[in-house]
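As C-alpha cells, the structure follows; a few thoughts come after it.
The values are calculated or read from the model by the stated rules, or taken from the named source; none is laboratory data. Note that the coordinates shown come from a computational prediction; the quantities given were computed from them, not determined experimentally. Reconstructed Cβ throughout: ideal geometry from the backbone, glycine too, with neighbour counts over all protein chains shown. Accessible surface areas use protein heavy atoms only, side chains included; no ligands, DNA or RNA. Shrake-Rupley method; radii C 1.70, N 1.55, O 1.52, S 1.80 Å.
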Amino acid sequence: MNIGFNNEKYLKIQSERIKERIAQFGDKLYLEFGGKLFDDFHASRVLPGFLPDSKLRMLLQLKEYAEIVMVISAIDIEKNKMRSDLGITYDEDVLRMRTEFENVGLYTGGVVITHYNGQASADAYRSRLERLGIKVYYHYTIDGYPNNVALIDSDEGFGKNDYVETSHPLVVITAPGPGSGKMAVCLSQLYNENKRGVKAGYAKFETFPVWNLPLKHPVNMAYEAATADLNDVNMIDPFHLEAYGNIAVNYNRDIEIFPVLNALFEGIYGDSPYKSPTDMGVNMIGFCMDAEDVCCNAAREEIIRRYYYALCKLAEKGDNENEVNKIALILKQAKLTTEYRRTTVAAHERKELSQSAAAAIELQDGSIITSRSSSLLGPSAALLLNAIKYLADIPHDKKLIPEELIAPIQKTKVEYLHGHNPRLHTDEVLVALSLLSNHDEDCRKALDQLPKLCGCQVHSTVMLSEVDRKIFNKLGIGLTCDPVRKTK
C-alpha cells in the first residue's frame with residue numbers, strides 16, 4: 001500500500017498544538033473530540049499511513065495532562081442506536097472505549113448522559129454504570145437550545161446540569177458517535193467552572209473537514225460523502241475570511257452555531273477568545289501529507305465506496321434516498337464514475353464472462369485477481385482463496401480444500417442447520433484452511449499471506465452476507481458491492 005501520510009510527524013505536531021492551547025487558557029482545557037478517538041477507519045482509508053488509533057497514540061503523549069469523559073445521549077440509549085462499523089450499541093461502546101482507555105493507562109472520569117428528560121432506559125443505564133463504580137452525570141434538555149442564549153447561560157440552563165468533577169488540565173470529551181451532545185457538555189462545564197472561579201477554556205478537535213485544504217479537495221469531499229446521512233456540508237468559513245482575509249474550510253453546523261457560541265463565550269468570559277469556528281480547532285492533520293496524490297486517490301476511492309454503501313443500504317432498507325442522491329452529486333462534482341475503481345470494472349467483466357456472481361481484488365502490487373460463484377464457493381470465498389494462492393505463488397488450479405472436505409460442511413449447513421445457501425463463506429474457508437495447515441504446507445503458506453491483504457480493495461457484483469463483510473473488515477480490506485441480492 002502506498003503511503004501518503006506521515007503518522008509520526010502528526011503525533012508530534014498535534015500533541016504540541018494541544019499543549020499550546022492548554023497554556024492559552026490557564027487552569028483547564030475542555031477539548032471536544034469529533035469523530036472517533038480510535039478505530040478511525042475513515043481517516044486511515046483516505047490518508048494512507050494514518051493509523052486507526054493515531055489520535056489515541058497522540059493522546060498518550062499527553063497522558064500526564066489528560067483525562068477522558070465519555071458522553072452518550074439518553075435518546076440514543078432509548079433507541080438502542082448502533083455503531084454500524086462495529087455492530088454494537090452506543091451504550092455498549094461507551095464501556096468498550098472506557099476499557100480500551102484504561103488498558104493503555106489513560107485516566108477515565110465519569111460518563112455524562114445528555115438530553116436527559118426522565119427516560120427510564122437512561123436511569124437503568126446509570127444504575128448499571130454506578131454498579132461498575134463509574135460516576136454518572138445528567139445533563140438536561142434545555143428549551144430553545146442553542147438559540148435561547150439568555151436561558152442557556154443561566155442557573156436554569158447550564159446551571160441546572162450536574163457539574164462533572166475533573167482533576168486534570170486537559171479534559172477530553174468524546175462519544176460513540178455524532179449528535180451525542182459533546183459541545184453542550186463542554187460549554188456547560190465552562191459555565192460551571194467559571195462560577196467556581198476556575199479559568200477553563202474550550203477547543204475542538206475535528207479531523208475533517210481539513211481546514212487548510214481546498215473546499216473541493218478529494219479528502220474534504222470524501223468527508224462530505226461519509227457524513228451524507230447527517231446532511232453535513234463543507235463550507236468556506238465566512239467568519240475566518242472576514243477576520244483574517246484567509247480561506248479556511250469548516251462545515252455547516254459549526255458555522256451556523258458560531259454566533260451563538262460567541263454569545264455564550266461572552267456571557268461566560270465577558271469576551272470571546274475566538275473570531276471564527278476555525279479558530280476553535282486544533283487540527284494539524286493537513287500539514288502531514290507527504291504524498292498528496294496518494295491521499296487524493298484514496299479519497300476518490302472512499303467517495304465511490306460510500307456511494308456503493310449507500311446504494312446497498314437503500315436496497316436493504318429503502319429509507320436513505322436523500323443520502324444516495326447527495327453522494328451521487330459529490331461524485332459528479334469530483335468528476336468521478338464508479339469505473340474509476342479498478343476492481344469494479346474487473347468484477348463486472350468477470351461477471352459478463354462467467355454469467356454468474358463475481359468479485360475482484362486489487363492487491364498491493366496493483367495486480368487484479370477475480371473470482372466467480374460456483375456450486376461450492378461464493379464469489380467472496382473463492383476470491384479470498386485465489387488471492388492468497390497468488391501471493392503464496394501456488395498454482396491457480398491447485399485445490400487447497402479438497403471437494404470431499406467441502407461436501408460434509410455443506411451437508412451440515414443445509415440439512416442440519418436448515419440453511420438455504422450451501423456455498424462456503426469466507427470464515428468457513430479460513431477455518432478449513434487452518435485445519436488443513438497442520439499437514440499441508442501450501443495451506444499454511446496461503447494463510448501466512450492474509451496480512452498482505454490489509455489495505456487492498458474488493459468489489460462484488462452481489463451484496464455479501466454479514467459474515468463475509470465482517471471478515472473483509474477484519475482483514476482491513478475496502479469492500480464495495482453492487483446493490484444486487486444473491487440468487488440461488
Single condition Lys9 does not satisfy, out of (1) more than 19 Å from Phe208 (Cβ to Cβ); (2) in a helix (DSSP H, G or I); (3) modelled with pLDDT of 95 or more: (1)
Which numbered condition Lys195 fails, given (1) modelled with pLDDT under 95; (2) among the charged types (D, E, K, R); (3) touching a helix residue (DSSP H, G or I) at 6+ places or on another chain (Cβ under 7 Å): (3)
Hits in region 151-163 (condition: under 30 Å from Lys63 (Cα atoms) and either in contact with a helix residue (DSSP H, G or I) (Cβ under 6 Å, 6 or more places away or on another chain) or open to solvent by 60 Å² or more (accessible area, probe 1.4 Å) (or both)): Phe158, Asn161, Tyr163
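Run down Tyr202, Tyr191, Tyr244 and say which single residue is on the phi < 0 side of the Ramachandran plot, hydroxyl-bearing (Ser, Thr, Tyr), surrounded by fewer than 19 Cβ atoms within 10 Å (Cβ to Cβ) and over 21 Å from the mean Cα position of the chain (by Cα).
None of the other options fit; the residue is Tyr244.
Just to verify a result, which residue in region 355-382, among those that are without any contact (Cβ under 8 Å) to a residue 24 or more places away in the chain and not in a strand (DSSP E or B), is most open to solvent (accessible area, probe 1.4 Å)? Talk me through it step by step, then tell me what you get.
Looking only at region 355-382, we keep the residues that are without any contact (Cβ under 8 Å) to a residue 24 or more places away in the chain, and these are 355-356, 365-367, 369, 371-372, 382.
If we keep only those that are not in a strand (DSSP E or B) as well, we get 355-356, 365-367, 382.
On the way: Gln355: 144, Ser356: 29, Asp365: 103, Gly366: 25, Ser367: 30, Ala382: 12 Å².
Ranking the qualifying residues of region 355-382, first place goes to Gln355.
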Single unsatisfied condition, Leu29 versus (1) assigned to a helix (DSSP H, G or I); (2) among the hydrophobic types (A, V, I, L, M, F, W, C); (3) in contact (Cβ under 8 Å) with a residue 24 or more places away in the chain: (1)
Near pairs, Cβ below 6 angstrom, 6+ apart or cross-chain, from region 394-412 (surrounded by 12 or more Cβ atoms within 10 Å (Cβ to Cβ)) to any residue that is of a type outside the set (A, V, I, L, M, F, W, C) and at pLDDT below 90: Gln410/Pro422
Contacts under 6 angstrom Cβ, first residue in region 47-62 being in a helix (DSSP H, G or I), partner open to solvent by less than 50 Å² (accessible area, probe 1.4 Å) and modelled with pLDDT of 90 or more, 6 or more apart: Ser54/Asn7; Arg57/Leu11; Met58/Leu11; Met58/Gln14; Met58/Ser15; Leu59/Ala66
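What are the residues in region 337-354 that are open to solvent by less than 20 Å² (accessible area, probe 1.4 Å) and not in a helix (DSSP H, G or I), if any?
Arg341
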Filter result (crowded, with 16+ Cβ neighbours inside 10 Å and part of a helix (DSSP H, G or I)) within region 454-469: Asp468, Arg469
Residue in region 125-136 that is touching a residue at least 40 places away in the same chain (Cβ under 8 Å) and not aliphatic (A, V, I, L, M) present: yes
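Table: residues versus (1) among the small types (Gly, Ala, Ser); (2) at pLDDT 90 or above; (3) over 20 Å from the mean Cα position of the chain (by Cα).
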| position | (1), (2), (3) |
| --- | --- |
| Ser15 | yes, yes, yes |
| Arg21 | no, yes, yes |
| Lys28 | no, yes, yes |
| Leu37 | no, no, no |
| Leu62 | no, yes, yes |
All positions within region 121-150 that are part of a helix (DSSP H, G or I), surrounded by 14 or more Cβ atoms within 10 Å (Cβ to Cβ) and either at pLDDT below 90 or at positive phi (or both): Val149
Tally, over region 63-85, of residues that are more than 30 Å from Ile13 (Cα to Cα), in contact with a helix residue (DSSP H, G or I) (Cβ under 7 Å, 6 or more places away or on another chain) and in a loop (DSSP other than H, G, I, E, B): 1
Residue ranges of strands (runs of 3 or more DSSP E) in region 161-252 with at least 1 members closer than 15 Å to Asp27 by Cβ: 170-174, 200-205
Residue within region 99-111 that is modelled with pLDDT of 95 or more, of a type in the set (Phe, Trp, Tyr), crowded, with 19+ Cβ neighbours inside 10 Å and closer than 21 Å to Arg83 by Cβ present: no
Search result, residues across region 413-430 that are exposed (fewer than 12 other Cβ atoms within 10 Å of the Cβ) and free of Cβ contacts under 8 Å to residues at least 40 places away in the same chain: Glu415, Tyr416, Leu417, His418
